[in-house]
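The values are calculated or read from the model by the stated rules, or taken from the named source; none is laboratory data. On a predicted model such as this, the values are computed, not experimentally measured, just so you know. Cβ: placed from backbone, ideal geometry, glycine included. Neighbour counts: every protein chain shown. Just so you know, the surface numbers come from the protein's heavy atoms only, side chains and all, with ligands and any DNA or RNA stripped out. Shrake-Rupley method; radii C 1.70, N 1.55, O 1.52, S 1.80 Å.
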Amino acid sequence: MKPLILQSDFGYDDGAVCAMHGVAYTVNPDLHVTTLTHNIPPYDVWEGSCRLAQAMTYWPAGSVFVSVVDPGVGSQRLSVVARTDSGHFVVTPDNGTLTHIALTHGLQQVREIDETVNRLPGSGESYTFHGRDIYAYTGARLASGVISFDEVGPVLAEDVVTLPVNPPRRDGARVLGSIDTHDVRYGSIWTNIPRTLFRSLGIEHGQYALAHIANELGDVYSAPLRYGKSFADVSVGEALIYVNSLDNMAIAINRGSFAKAYDVGQGTNWTVDFTFPFQP
């Protein structure tokens, strides 16, 4: 028996999430079912991909993740289960949800779900709730040991769909990357620049780096920011650079929302770079 972790963009305003839990417990009432989040913005596959990478590391090998952000539900897009190099499983539409997991955990093998076997009985004429009928059902069967990974279906005959990414890099006294996502509740912006790449500039805690943010329309923000260990290293209302929970670089305002203050979004069209040392 392995943990089953659910993620979707369904929200909690109706019975969709409850139905997914019900299907899982119908497969095996002894399953341990928990939630990653069901507040992914509607249709935002990129955000779903980021949140999987945020959480998966902290679950034991063998855990089964079901991620349903599926704007193409009922179309020709495929339904798959991926086994990562770390031994985790992800049940999801093949629409880009596996992008960040492929980068952070690696994909050992991907199988297409055989819906003639792995589909909630009696749901064959339902085409708009695959989260319940295919993904929760298949995930529960895999987590409870009713089926093995090999019994999910045939090995995927093509590469999985991935979203475009901007790999972080160093260019002289600068490190460059993109804004993967936000710390939603507090408004910090989370980059894809690893701490090790940032520290390769030679910067130490308490020193200042020039932070620059831009999007396809041009510059959005540029200012020297202190590299701190925690938010308390700067005054209330002041911005800083810090290392987030993913060991990547982030920007925050102490007791404020950086994203709201400067209207900063996320995704590959939002670029960020840090320069150290720099000329004031």
Scan the stretch 116-127 and tell me whether some residue there is at pLDDT 95 or above, under 14 Å from P93 (Cβ atoms) and open to solvent by 40 Å² or more (accessible area, probe 1.4 Å). no
I'd like to check something: does the stretch 154-168 contain any residue that is in a strand (DSSP E or B) and open to solvent by 30 Å² or more (accessible area, probe 1.4 Å)? yes
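Residues that are open to solvent by 60 Å² or more (accessible area, probe 1.4 Å), at least 1 per element: which strands (runs of 3 or more DSSP E) completely within the stretch 179-280 meet that? Talk me through it step by step, then tell me what you get.
Details: elements: 188-194, 208-215, 218-227, 239-243, 248-253, 267-275.
In the stretch 179-280, the matching strands (runs of 3 or more DSSP E) lie at 208-215, 218-227, 267-275.
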Residues satisfying the stated conditions in the stretch 103-124, i.e. of a type outside the set (A, V, I, L, M, F, W, C), in contact (Cβ under 8 Å) with a residue 40 or more places away in the chain and within 30 Å of N192 (Cα to Cα): T104, H105, Q109, R111, E112
Scan the stretch 79-88 and tell me whether some residue there is over 20 Å from H38 (Cα atoms) and without any contact (Cβ under 8 Å) to a residue 24 or more places away in the chain. yes
Working only within the stretch 9-25, note down all residues that are within 17 Å of P41 (Cα to Cα) and in contact with a helix residue (DSSP H, G or I) (Cβ under 6 Å, 6 or more places away or on another chain). F10
Cβ pairs under 7 Å, 6+ apart or interchain, first in the stretch 4-27 and in a helix (DSSP H, G or I), second among the basic types (K, R), ordered by first then second residue, are A19/R132; M20/R132; V23/R132; V27/R141
Output for the stretch 143-153, where each listed residue is open to solvent by less than 60 Å² (accessible area, probe 1.4 Å) and either touching a residue at least 40 places away in the same chain (Cβ under 8 Å) or not in a loop (DSSP other than H, G, I, E, B) (or both): A143, S144, G145, F149, V152, G153
Report every pair of residues separated by at least 6 positions or lying on different chains whose Cβ atoms are under 6 Å apart, first residue within the stretch 212-224 and within 16 Å of T268 (Cα to Cα), second of a type in the set (D, E, K, R). H212/D273
Using beta carbons and a limit of 7 Å, which pairs, at least six apart or on different chains, have the first residue in the stretch 43-71 and closer than 12 Å to T104 by Cβ and touching a residue at least 12 places away in the same chain (Cβ under 8 Å) and the second one crowded, with 20+ Cβ neighbours inside 10 Å and small (G, A, S)? L52/S67
Using beta carbons and a limit of 9 Å, which pairs, at least six apart or on different chains, have the first residue in the stretch 228-239 and farther than 16 Å from D183 by Cβ and the second one open to solvent by 60 Å² or more (accessible area, probe 1.4 Å) and in a loop (DSSP other than H, G, I, E, B)? K229/H205; D233/H205; V236/R255; G237/R255
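Is there a residue in the stretch 133-156 that is of a type in the set (D, E, K, R), modelled with pLDDT under 95 and at negative phi? Before the answer, list the steps.
If we filter the stretch 133-156 for residues that are of a type in the set (D, E, K, R), which is where we start, we get 133, 141, 150-151.
Going one step further and asking which of them are modelled with pLDDT under 95, we end up with none.
Scanning the stretch 133-156, I find no residue that is of a type in the set (D, E, K, R), modelled with pLDDT under 95 and at negative phi, so the answer is no.
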So which residues in the stretch 217-266 are more than 25 Å from the chain's Cα centre (by Cα) and among the acidic types (D, E)? D219, D233, E238
